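Peer 1: A single structure is presented below for examination.
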Amino acid sequence: MVQDTPGVTTASAWPLSRGRRRLAEDAWPPHRVSQLVRRAAVLGSGTMGSQIAGLLASNGIPCDLLDLPSEGERNRLAESAKKRLTTLRPPPLYSVAALSLVRPGNFQDDLPRLKEADWVLEAVVENLDTKKQLWSRVAPHLRPDVIASTNTSGIPIATIAEALPRELRPRFLGTHFSNPPRYLRLLEVVPTPQTSRDLVGALCSFGETVLGKGVVVARDVPYFILNRIGIYGLMVILRAMEEFRLRPDEVDSITGPAMGRPGSATFRTFDLIGLDVFASVGDNLLRLVRDPRERAMFELPEYIRDLVRRGWTGEKAGQGFYKRADVGGESQVMALQLDTFQYGPRRGASAPSLAAVRQVEDPAERLRTLVNADDLAGRFAWRVLAPTLAYAARMVGVVSDDIASIDHAMRWGFAWELGPFETWDALGVARTLERMQGDGLQPPPWVVDLAEGGQTFYRHQLPHSLQATPRRTYAPVPQGKRTINVEGLLATGRRLSERPGATLYDLGDGVALLDFHSPKQAIGPDMLDMLEEVSQRLPGDVQGLVVSSHVRPNFCVGANLMLLLLAAQEGDWDQVASTIRRFQQALLLLKRLAVPVVVAPYGATLGGGAELALSAHATVAAMECSMGLVETGAGLIPSGGGCKEMLLRALEGLPGGIEGFLRRRRGGAPVMIPEPDPTPAVARVFETIGLAKVSGSAPEARTLGFLRPADVVVPNVDHLLSVAKETSLAQQAQGFAPPPPARLPVLGEGVRALLELEAQHLVWAGQASEHDLKIARKLAHVLTGGDRPAGADADEEYFLDLEREAFLSLCGEPKTQARMQHLVQTGRPLRN
């Protein structure tokens, strides 16, 4: 496979679809930008500086990227950094079109440009003297109303501010982006005592609404919230590993997804951070922290220093705790053995609890099962979790004023599924405290009082959830004005209807929310039942419908492939056909519903999930939305109307739209107006579906045809429901009427032959198999209108019948069933 555009997987360039607009030619930005920051400048074009500039540009903010001058080509460092943004994986840009907004420069020639910038953000090396010297140099070029910030993971902000004139210090603060800034949501805003409170609020709002960030305000203490607590937790794991005499790879099998942490777990995280960077942070914390108990924990183990001396600093060096090696002609990940400093095969810990939690989706249930298990993994998990929770409680009032900011920082910055206090609630506050005290751990008195009073750290209600405070009171959880609290809807009885995998809520103002929460976010019986219910019997006072989910990170991954595979293997074709027909009819009825239907997708929106979005009257998509019709990877084609809807959208792009095209075919247009050739438009649909293209972002989804020009892109996923509700209300106010039933042209054998030839070329080139060709022919048959003659037209139901027939036919193919089984078992497509 080769990359056609960042994040969009393709197999080749297809001649019939040439001439489509490239991403770099699209209008940019994809959404309305801020009035607070109309232009920015980033000082330093290293890893963080260049990617922050890319993030700003991706969100429509023109940005200067400045670095040291070079001999000859003065802007070489910044120019090279800009070019790297197109090659990094995962892609740091939402679209390569954003690069046009990045303007390279250097500190010698281009400092006068800073007068144009509303926000000047410094991101040079983590060295106090270097940062202060640069700010002294740039200060004369800054506007009095500028926002000036430093990106640092832990250097005291007030100390850096000393380099600025007194009149600029109220405009200065810390802004710590997590790496990589596109993918990790956290932005820590760190004011000094002199920073303007109004500026802090405005920048927090900008970070949330324009950059899509999860923003927390941290105190100006060493390493703020994220790294202060996160590094402490990692140090606890290092101590426990020695105590339990485990290997790094055994520890990682416990401290990753089993504990609600990312797949990089502990030692893979060290490799990604860089062991030299981690050692530097540890040494700085040891120097800056005064509490003797804390200082003892931040002492680095000698083997970390040994690895740094050897240059085995992690991924950037090619080896650290892990490295790749060629074993029998295959690349394998090898794990470091600390007793010999040799690498050997990676092996995880063996414990019944690890097997028990592997299929548990709910992170709270997973963690309860693990830490309560009386086996190696359970004991180790509790050993590392308990002191981390106690430490987080001691840090309230030190790193942050509230517990929610700590939880948010750990979830958004370290990708924990539950923050420390959410974890405590999940395990039971009183029970956890009792177990801690039995181990000799003593949380602060306010936590003891909370537990003894039978209270929890959080209470979910409307309009805001509440959080416990050290003052023995509850305060609202900070929440943006555009965030709708689904837990509050649940807690306050706003349910209109409910299934185990889907719930209908009252959002207020006559708008209902259909919220999906099925296992693995797959389409199953509950989702079908609820879709049918809202399509046929929506409550009379509902004037608009939003379809989304509160479950993260994915909206909908498509059909429940396991159920489909079992039915196919048993030859229960009536069941398969019935399920497909139900889904088709539910989406068709949804499309014809008399109230506006707005689908709000995010994350993985695949297969049937994409078909659901395609059927809506409007889509409000999160910027991070990976949308695609991926059925060919399972040996199938879309059967919920995906082929029909993509064809409709492509032909609507012809001059005069579908109606104009059909009118010309019927002789209803003047002779002098030529009939446009639909082949390139249909070929693009054939390519997109046939190659199972998936967008890397919402702007790319628009380029691929999954989103319409009028569909809305929202940078912050937490704002989706609010913006979707606003969109529904706006359509109501404009006198909404559902689209009339459509008729589509039958393009016939000639266009079908051209499409099939494109697929045949891939077979001849060794890029596709004979079974791929069979699937492609079925897809071409559907897109060109089946066996009806060219020049005819047909209704939507006819094309749905074609989809269903092709899907059923392919389900019976042994190679398709092999693909489905491989996907179910491994999560990866099989090319057979």
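Peer 1: Report every pair of residues separated by at least 6 positions or lying on different chains whose Cβ atoms are under 7 Å apart, first residue within the stretch 202-218 and crowded, with 22+ Cβ neighbours inside 10 Å, second among the acidic types (D, E) and outside any loop (DSSP other than H, G, I, E, B).
Peer 2: V215/E208; V216/E188; A218/E188
Peer 1: Looking only at the stretch 301-321, count every residue that is touching a strand residue (DSSP E or B) at 6+ places or on another chain (Cβ under 9 Å) and touching a residue at least 60 places away in the same chain (Cβ under 8 Å) and tell me the total.
Peer 2: Total meeting the criteria: 1.
Peer 1: Does G207 satisfy the condition of being in contact with a helix residue (DSSP H, G or I) (Cβ under 6 Å, 6 or more places away or on another chain) and either at pLDDT 95 or above or farther than 27 Å from D362 by Cα (or both)?
Peer 2: Considered against the rule, which asks whether it is in contact with a helix residue (DSSP H, G or I) (Cβ under 6 Å, 6 or more places away or on another chain) and either at pLDDT 95 or above or farther than 27 Å from D362 by Cα (or both), G207 comes out as no.
Peer 1: With the structure loaded, tell me whether R379 is under 29 Å from the mean Cα position of the chain (by Cα) and within 26 Å of R245 (Cα to Cα) or whether it fails that test.
Peer 2: No.
Peer 1: Let me ask something else about it. Inspect the stretch 625-648 for any residue being farther than 26 Å from P90 by Cβ, in the same structural domain as R684 (by TED's automatic domain parsing), surrounded by fewer than 24 Cβ atoms within 10 Å (Cβ to Cβ) and not hydroxyl-bearing (S, T, Y) and give the result as yes or no.
Peer 2: yes
Peer 1: Next up: Can you name the residue in the stretch 41-74 that is within 29 Å of the chain's Cα centre (by Cα) and polar (S, T, N, Q) and, of all such residues, is nearest to A139 (Cα to Cα)?
Peer 2: S45
Peer 1: Does the stretch 658-678 contain any residue that is at pLDDT 95 or above and surrounded by fewer than 19 Cβ atoms within 10 Å (Cβ to Cβ)?
Peer 2: The answer is no, given that none of the residues of the stretch 658-678 is at pLDDT 95 or above and surrounded by fewer than 19 Cβ atoms within 10 Å (Cβ to Cβ).
Peer 1: Moving on. Any idea how many residues of the stretch 478-514 are under 30 Å from A594 (Cβ atoms) and in a loop (DSSP other than H, G, I, E, B)?
Peer 2: Count: 11.
Peer 1: Could you list all residues from the stretch 417-453 that are closer than 28 Å to S264 by Cβ, small (G, A, S) and in a loop (DSSP other than H, G, I, E, B)?
Peer 2: Scanning the stretch 417-453 gives a single hit, G419.
Peer 1: Could you tell me which of the residues L614, L593, L545 is aliphatic (A, V, I, L, M), under 20 Å from V712 (Cβ atoms) and over 30 Å from the mean Cα position of the chain (by Cα)?
Peer 2: L593
Peer 1: So, G440, is that one at positive phi and either surrounded by 15 or more Cβ atoms within 10 Å (Cβ to Cβ) or within 33 Å of the chain's Cα centre (by Cα) (or both) or not?
Peer 2: The answer is no for G440.
Peer 1: Of (1) out of contact with any strand residue (DSSP E or B) (no Cβ under 9 Å at 6 or more places or on another chain); (2) at positive phi, R581 satisfies all except one. Which?
Peer 2: Among (1) out of contact with any strand residue (DSSP E or B) (no Cβ under 9 Å at 6 or more places or on another chain); (2) at positive phi, the lone unmet condition for R581 is (2).
Peer 1: Which number in (1) under 24 Å from R89 (Cβ atoms); (2) under 28 Å from the mean Cα position of the chain (by Cα) marks the one condition that A335 misses?
Peer 2: Every condition holds for A335 apart from (2).
Peer 1: In the list S95, S80, S70, which residue meets the criterion of being without any contact (Cβ under 8 Å) to a residue 40 or more places away in the chain, assigned by TED's automatic domain parsing to the domain that holds V138 and touching a helix residue (DSSP H, G or I) at 6+ places or on another chain (Cβ under 6 Å)?
Peer 2: Of the residues listed, the single one that is without any contact (Cβ under 8 Å) to a residue 40 or more places away in the chain, assigned by TED's automatic domain parsing to the domain that holds V138 and touching a helix residue (DSSP H, G or I) at 6+ places or on another chain (Cβ under 6 Å) is S70.
Peer 1: Output the residues belonging to the stretch 702-714 that are over 11 Å from R649 (Cα atoms) and in contact with a Ser or Thr (Cβ under 7 Å, 6 or more places away or on another chain).
Peer 2: The answer is D711, V712.
Peer 1: In the same structural domain as P596 (by TED's automatic domain parsing), surrounded by fewer than 24 Cβ atoms within 10 Å (Cβ to Cβ), in contact (Cβ under 8 Å) with a residue 24 or more places away in the chain and touching a strand residue (DSSP E or B) at 6+ places or on another chain (Cβ under 9 Å): which single residue out of V547, V557 fits that description?
Peer 2: Testing whether each residue is in the same structural domain as P596 (by TED's automatic domain parsing), surrounded by fewer than 24 Cβ atoms within 10 Å (Cβ to Cβ), in contact (Cβ under 8 Å) with a residue 24 or more places away in the chain and touching a strand residue (DSSP E or B) at 6+ places or on another chain (Cβ under 9 Å) leaves just V557.
Peer 1: Here is a follow-up. If G413 passes every condition in (1) crowded, with 24+ Cβ neighbours inside 10 Å; (2) closer than 19 Å to R239 by Cβ but one, which one does it miss?
Peer 2: Of (1) crowded, with 24+ Cβ neighbours inside 10 Å; (2) closer than 19 Å to R239 by Cβ, only one is false for G413: (2).
Peer 1: Suppose the filter is touching a residue at least 12 places away in the same chain (Cβ under 8 Å), crowded, with 21+ Cβ neighbours inside 10 Å and over 21 Å from L588 (Cβ atoms); does L489 pass it?
Peer 2: Here the answer is yes, as L489 does meet what is asked.
Peer 1: Looking at the stretch 165-174, which of its residues are touching a strand residue (DSSP E or B) at 6+ places or on another chain (Cβ under 6 Å) and surrounded by fewer than 24 Cβ atoms within 10 Å (Cβ to Cβ)?
Peer 2: R171
Peer 1: Also, quick follow-up: For the subset of the stretch 206-229 comprising residues that are in contact with a Ser or Thr (Cβ under 9 Å, 6 or more places away or on another chain) and small (G, A, S), which member is farthest from L720 (Cα to Cα)?
Peer 2: A218
Peer 1: Checking A475 against (1) within 29 Å of A390 (Cβ to Cβ); (2) among the aliphatic types (A, V, I, L, M); (3) in a loop (DSSP other than H, G, I, E, B), which single condition isn't satisfied?
Peer 2: All conditions are met except number (3).
Peer 1: Further question: Let me confirm something: among E116, E122, which residue is in contact (Cβ under 8 Å) with a residue 60 or more places away in the chain, of a type outside the set (A, V, I, L, M) and buried (at least 19 other Cβ atoms within 10 Å of the Cβ)?
Peer 2: None of the others qualify; the one that does is E122.
Peer 1: Kindly provide the set of residues from the stretch 176-205 that are among the hydroxyl-bearing types (S, T, Y) and in contact with a Phe, Trp or Tyr (Cβ under 9 Å, 6 or more places away or on another chain), ordered by number.
Peer 2: S178, T192, T195
Peer 1: Still on this model: In the stretch 234-302, which helices (runs of 4 or more DSSP H) lie fully inside it and hold 1 or more residues that are surrounded by fewer than 18 Cβ atoms within 10 Å (Cβ to Cβ) and not polar (S, T, N, Q)?
Peer 2: 267-273, 275-288, 292-297
Peer 1: If you go through the stretch 401-408 one residue at a time, do you hit one that is free of Cβ contacts under 8 Å to residues at least 40 places away in the same chain and not aliphatic (A, V, I, L, M)?
Peer 2: There is at least one residue in the stretch 401-408 that is free of Cβ contacts under 8 Å to residues at least 40 places away in the same chain and not aliphatic (A, V, I, L, M).
Peer 1: Still on this structure: Against the definition (assigned by TED's automatic domain parsing to the domain that holds M623 and buried (at least 23 other Cβ atoms within 10 Å of the Cβ)), how does L747 come out, yes or no?
Peer 2: It is true that L747 is assigned by TED's automatic domain parsing to the domain that holds M623 and buried (at least 23 other Cβ atoms within 10 Å of the Cβ).
Peer 1: Is at least one residue of the stretch 434-446 in contact (Cβ under 8 Å) with a residue 40 or more places away in the chain, of a type in the set (S, T, N, Q) and over 28 Å from A600 (Cα atoms)?
Peer 2: yes
The values are calculated or read from the model by the stated rules, or taken from the named source; none is laboratory data. It should be emphasised that the depicted structure is a prediction, and the values quoted were computed from it without experimental measurement. Don't worry about glycine lacking a Cβ; one is built from the backbone with ideal geometry, like all the others, and counts go over all protein chains shown.
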